[in-house]
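Each remark here refers to the structure printed beneath this line.
Where a number appears in this text, it was derived from the coordinates with a stated rule and is not lab data. It should be emphasised that the depicted structure is a prediction, and the values quoted were computed from it without experimental measurement. For neighbour counting, all protein chains shown are included, and Cβ atoms are generated from backbone atoms with ideal geometry for every residue, glycine included.
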Amino acid sequence: MKYVGLIILGLIAGCAQLMKGQEQPVIAKKDGIYYTSCSGAVEDWASCNNKAVRTCNGDYQVLSKYENSTGTKRELTFQCNK
């Protein structure tokens, strides 16, 4: 019974960590162009847009967006407005 309790506790901790997730980084490309991914169940388009706003201190231009057919892979390429 003691082991069942430990297993349940481990599963709860694991699920909590999955819900928290980890935000994908913003990668600086050449000429002030940036790329980020907001894939999976943890991030969505709003998180991609929030990362662009933080990177550009507000205003930015979307250069390209990609989402696969299952909606599990999302990529945003953007440039800060001057």
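Taken along its three principal axes, the alpha carbon spread of segment 38-82 comes to 35, 18, 9 Å, from the longest extent down to the shortest. Sparsely packed loop sites in segment 24-75 (the GluC sites (Glu not before Pro) outside DSSP H, G, I, E and B with at most 16 other Cβ atoms within 10 Å) do not occur.
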